[in-house]
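First the structure, in the form of structure tokens, and then the observations on it.
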Amino acid sequence: MQPIDHLICYAVKANSHQAIIKTLAQQGAGADVVSEGELRRALKAGVPSDKIVYSGVAKTAKEIQYALSQKILQFNVESENELEVINQIAIEMQTTAAIAFRINPDIDANTHAKISTGKSENKFGIPISKAREIYRKASEMKGIKVQGVDVHIGSQLTDLTPFRLTFERIKHLVEDLTTDGINIEIIDLGGGLGVNYEHKQQIDHEISDYCQMVKEIFASSQCKILLEPGRSLVANSGLLVSKVVYKKQGDERLFLIIDAAMNDLLRPSMYDAHHEILSVHQKQANETYDVVGPVCETGDTFARNRQMTALEEGELLAITNSGAYGAVMASTYNTRLLIPEVLVKDAEYSIIKARVSYAELIDRDQLANWQ
Ligand code: LLP
């Protein structure tokens with residue numbers, strides 16, 4: 001099958017470090033951003049503005065102005081009200097905004113409820129039933145250039161079926177729009193490809209199967225295909241390295257208390273996510289632990305009842321697949337310092353985010369005038 005015209009717009013939210021965006025930009029990737037902050041990060045890391053798409057349900061007027069001034073590739077518009085705001089601002093700035101509508105296809109992505117976005121009950125996108133009407137309206141607006149259709153049904157999808165159903169719906173919509181005289185040049189298929197967190201045969205497809213499916217469905221269309229992968233590009237590149245502080249025998253469980261916590265990697269607490277935990281040292285013996293952090297909440301748990309390599313106090317362990325939605329979701333809860341980040345290439349390493357000091361953290365607080 002012939003290759004199809006496409007662009008990978010890396011979903012910056014997965015890992016927005018400059019060194020990571022730059023690495024991908026140097027390979028030719030564009031960016032999918034969801035805030036002015038992410039747009040600034042992408043531009044600063046060297047992503048050309050005409051390879052940047054701007055998604056998100058609540059773009060503010062200020063953010064829209066900034067994005068328009070940077071001449072980005074496309075706004076992925078999520079509501080009629082947003083369309084009107086973009087139109088108004090574009091007219092005031094004497095320019096036109098290139099847009100796609102994010103379509104909500106009402107398809108269950110079969111993933112964790114907190115990261116499922118393509119059902120009609122979710123806040124995202126324009127209902128597919130209203131799509132033709134809103135495209136017609138947009139095509140008559142002076143500040144708007146209609147150029148694309150966009151969809152993103154969720155993250156960490158481990159089955160290709162919801163993608164297939166969605167993409168077929170999108171293909172039909174593009175045909176309907178063509179019948180309506182609306183010319184679609186770009187189809188943005190969003191992100192969502194899952195990664196194999198449990199390191200066992202749980203995902204029934206490879207990236208190449210996904211690509212094959214996209215080609216099959218869209219080969220006959222003349223459109224450029226945009227993809228917005230985040231997790232699948234960076235998850236597997238990151239390890240969270242932590243040290244055992246204490247081993248503690250409870251009445252029922254043996255706890256491995258480590259110096260990383262939910263503030264460093266939120267995924268297990270937030271989505272009950274499974275991350276493999278490996279010993280940094282080569283060892284044979286196994287033990288069963290609840291691996292927990294120091295934060296004062298029971299939710300600060302990385303693994304329950306996990307059989308894994310036996311570890312002693314002071315030894316190092318690595319929590320795998322932490323490159324996506326790890327550091328970007330970190331906080332300083334419990335006044336814990338954000339952890340340093342290190343980039344590794346072959347035998348070289350480089351500190352790409354230095355350790356901060358308590359003074360830097362605490363001195364951001366200012367007392368009120370009356371104190
Ligand atoms: N495009 C849009 C419009 C998105 O909202 C997202 C992710 C992506 C692309 C990238 O999806 P990916 O290829 O990474 O699945 N914090 C959660 C994941 C939230 C995903 C939000 N949107 C987690 O740790 O599982």
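The values are calculated or read from the model by the stated rules, or taken from the named source; none is laboratory data. Please read all numbers here as calculations on a predicted model, not as lab measurements. With ideal geometry, Cβ positions are generated from the backbone for all residues, glycine too; neighbour counts draw on all protein chains shown. Note: areas computed on protein heavy atoms with side chains; ligands, DNA, RNA excluded. Shrake-Rupley method; radii C 1.70, N 1.55, O 1.52, S 1.80 Å.
Which one is surrounded by the fewest Cβ atoms within 10 Å (Cβ to Cβ), of the residues in region 42-56 that are within 16 Å of the ligand (Cβ to nearest atom) and in a helix (DSSP H, G or I)?
51
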Identify, please: which residue in region 185-213 is under 20 Å from residue 76 (Cα atoms) and buried (at least 19 other Cβ atoms within 10 Å of the Cβ) and is, among those, nearest to the ligand (Cβ to nearest atom)? 191
Yes or no: region 313-326 includes at least one residue that is more than 18 Å from residue 242 (Cβ to Cβ), part of a loop (DSSP other than H, G, I, E, B) and of a type in the set (Asp, Glu). no
Inspect region 161-184 for any residue being open to solvent by 60 Å² or more (accessible area, probe 1.4 Å) and within 16 Å of the ligand (Cβ to nearest atom) and give the result as yes or no. no
Inside region 1-39, the number of residues satisfying the requirement of being of a type in the set (A, V, I, L, M, F, W, C), surrounded by fewer than 19 Cβ atoms within 10 Å (Cβ to Cβ) and more than 20 Å from residue 67 (Cβ to Cβ) is 3
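Looking at this structure, is residue 86 farther than 17 Å from residue 227 by Cα, within 14 Å of the ligand (Cβ to nearest atom), in the same structural domain as residue 191 (by TED's automatic domain parsing) and in a helix (DSSP H, G or I)?
No.
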Please work out which residue is nearest to the ligand (Cβ to nearest atom), limiting yourself to region 279-312 and to residues that are closer than 22 Å to residue 338 by Cα and surrounded by fewer than 16 Cβ atoms within 10 Å (Cβ to Cβ). 299
(1) loosely packed, with under 11 Cβ neighbours inside 10 Å; (2) within 16 Å of the ligand (Cβ to nearest atom) all hold for residue 322 apart from (1)
Given the conditions (1) open to solvent by less than 40 Å² (accessible area, probe 1.4 Å); (2) among the polar types (S, T, N, Q); (3) at pLDDT 95 or above, report the number of the one that residue 249 does not fulfil. (1)
Determine whether residue 108 is in contact (Cβ under 8 Å) with a residue 40 or more places away in the chain and of a type in the set (Asp, Glu). yes
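Has region 339-346 got at least one residue that is touching a residue at least 60 places away in the same chain (Cβ under 8 Å), part of a loop (DSSP other than H, G, I, E, B) and not assigned by TED's automatic domain parsing to the domain that holds residue 195?
Yes, because at least one residue in region 339-346 is touching a residue at least 60 places away in the same chain (Cβ under 8 Å), part of a loop (DSSP other than H, G, I, E, B) and not assigned by TED's automatic domain parsing to the domain that holds residue 195.
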Matching residues in region 89-123 (in a strand (DSSP E or B) and not charged (D, E, K, R)) number 8
